[in-house]
Amino acid sequence: MSVNVAVVGATGLVGQTMLKVLNERNFPINKLYLYASKRSKGKKIKYQDKEYTVIELTKENIANDIDIALFSAGASTSNEFAQEFVNKGAIVIDNSSCFRMDDDKALVVPEVNSETIPDKGIIANPNCSTITVMPALKYLSDKYGLERVVYSTYQSVSGAGMGGLNDLDNNLKGEKSQKFDDQIAFNLIPYIDKFQDSGYTKEEEKMINESRKILGLKDLRVTATCVRVPVRYSHGVSVNVELKKDFDLKDLIEGLSKAKGVVVSNEIHPTPLKVEGKDETYVGRIRRDNSVKYGLNLWIVADNIRKGAATNAVEIAQEILKKREE
């Protein structure tokens, strides 16, 4: 089954990676539409053996034969244009934060809750750090139950787009940051996104609320501290979990290693450099937390631009095709 696909935000870091993943997976594209802002209008992008011209994103330029639209152009763009694509017959997979907590929008990590994928409308791609931890937590939730979860993230600069990558490179040359509030080279910035009245940042609240929604555990006790680190790609998350049932650590590791989308490497520990460019979530440092009754520590790493964004969106698109073929 070949379909017509649009990539909105096609010239950005995630948009370019979406095209790369679509190509790698030989996604069955009939027509491809590449949209971006007026600034990128007319730019040429090669996909497979064909060159495409970037179309300025306006309501008048939205084609009426698009089947699937992959959005990665920011929340304000999604808010303005996603429904316009739906009105013209497309199903939208949106990578921004715009629709994630809407009650009527599915928030999807295919390994975890593919059954929630609708056949029309708008589907939300979760936050990159939330995606990183979900496959492992889904297994633990189903097998042992979750009592409480504590996240401490170590998020790469590419999570802030090209501006974040540029800041790291420029800091190393002695220049000041433009994207971040502080120097990131040789440094840690102990917050991501804007602070809320609660003292948490928007990034931390995203992880908390999205985890509850994806796992279907609205009363899950969960907290997060999100930190920007001077790493180019891949987010690491230290996850401390209190389970509802006791466990045999060897059995837990064996079961987790069989979970969909999870690679367990408890001897050669996953690092951002080792995980960069891969599509799975990598889990290591699996050990008991003896300070609580059924405690567990995990270290989870995933490429934030691939699995944390582009790959997850393409996997949702693959699930849509699979459901249509069935």
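Checking the stretch 151-167 against the condition returns no match, with no residue being of a type in the set (D, E) and surrounded by fewer than 17 Cβ atoms within 10 Å (Cβ to Cβ). How many residues, within the stretch 261-278, are within 16 Å of the chain's Cα centre (by Cα) and surrounded by fewer than 16 Cβ atoms within 10 Å (Cβ to Cβ)? Adding up the residues that qualify gives 1. So, in the stretch 280-296, of the ones that are open to solvent by 30 Å² or more (accessible area, probe 1.4 Å) and within 23 Å of the chain's Cα centre (by Cα), which residue ends up farthest from A10 (Cα to Cα)? Among residues in the stretch 280-296 that are open to solvent by 30 Å² or more (accessible area, probe 1.4 Å) and within 23 Å of the chain's Cα centre (by Cα), the one farthest from A10 (Cα to Cα) is R285. Looking across the stretch 141-150 at every residue that is surrounded by fewer than 24 Cβ atoms within 10 Å (Cβ to Cβ) and touching a residue at least 12 places away in the same chain (Cβ under 8 Å), the one that is nearest to A90 (Cα to Cα) is identified as S141.
This table checks each residue for (1) over 21 Å from the mean Cα position of the chain (by Cα); (2) polar (S, T, N, Q); (3) assigned by the TED database to the domain that holds I66.
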{"site": "M134", "(1), (2), (3)": "no, no, no"}
{"site": "Y139", "(1), (2), (3)": "no, no, no"}
{"site": "G164", "(1), (2), (3)": "no, no, no"}
{"site": "N171", "(1), (2), (3)": "yes, yes, no"}
{"site": "E175", "(1), (2), (3)": "yes, no, no"}
{"site": "F180", "(1), (2), (3)": "no, no, no"}
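Of all the residues in the stretch 98-122, those that are out of contact with any Lys or Arg (no Cβ under 6 Å at 6 or more places or on another chain), aliphatic (A, V, I, L, M) and surrounded by fewer than 24 Cβ atoms within 10 Å (Cβ to Cβ) number 3.
Show the residue pairs that are 6+ apart or on different chains and have beta-carbon atoms under 9 Å apart, the first residue being within the stretch 176-201 and within 20 Å of V150 (Cα to Cα) and modelled with pLDDT of 95 or more, the second being among the hydrophobic types (A, V, I, L, M, F, W, C) and part of a loop (DSSP other than H, G, I, E, B). If the second residue must be among the hydrophobic types (A, V, I, L, M, F, W, C) and part of a loop (DSSP other than H, G, I, E, B), the pairs left are L188/V229; I189/F180; I189/V229; T201/I192. Does L252 satisfy the criteria of being surrounded by 17 or more Cβ atoms within 10 Å (Cβ to Cβ), over 21 Å from the mean Cα position of the chain (by Cα), touching a residue at least 40 places away in the same chain (Cβ under 8 Å) and assigned by the TED database to the domain that holds D142? In short, yes. Pairs meeting the criteria (first residue in the stretch 258-284 and aromatic (F, W, Y), second residue buried (at least 19 other Cβ atoms within 10 Å of the Cβ) and not in a strand (DSSP E or B), beta carbons under 8 Å, at least 6 apart or on different chains) are Y282/P270; Y282/V275. When you go through K244, K307 one by one, which is the residue that is buried (at least 16 other Cβ atoms within 10 Å of the Cβ) and either aromatic (F, W, Y) or closer than 29 Å to T116 by Cβ (or both)? Going through K244, K307 in turn, the sole match is K307. Residues in the stretch 194-221 that are of a type in the set (D, E), crowded, with 16+ Cβ neighbours inside 10 Å and farther than 17 Å from V109 by Cβ: E203, E204, E205. The residues of the stretch 306-321 that are of a type in the set (D, E) and either under 15 Å from K20 (Cβ atoms) or under 12 Å from the mean Cα position of the chain (by Cα) (or both) amount to a single one, E315. Output the residue which, of all residues in the stretch 222-241 that are β-branched (V, I, T) and within 15 Å of Y294 (Cβ to Cβ), is surrounded by the most Cβ atoms within 10 Å (Cβ to Cβ). Applying the filter and picking the extreme gives V241.
In the stretch 103-127, the residues that are farther than 14 Å from E210 by Cα form Cβ pairs under 7 Å with partners that are assigned to a helix (DSSP H, G or I) and among the aliphatic types (A, V, I, L, M), at six or more places apart or across chains, as follows: P110/I316; I117/I316; I117/I320; G121/V86; I122/A82; I122/V86.
The values are calculated or read from the model by the stated rules, or taken from the named source; none is laboratory data. The shown structure was predicted, so the numbers you read here are calculated from the model rather than taken from an experiment. Note that each Cβ is placed from the backbone with ideal geometry, even for glycine, and that neighbours are counted across all protein chains shown. The area values use the complete protein model at the heavy-atom level, side chains included, leaving out ligands, DNA and RNA. Shrake-Rupley method; radii C 1.70, N 1.55, O 1.52, S 1.80 Å.
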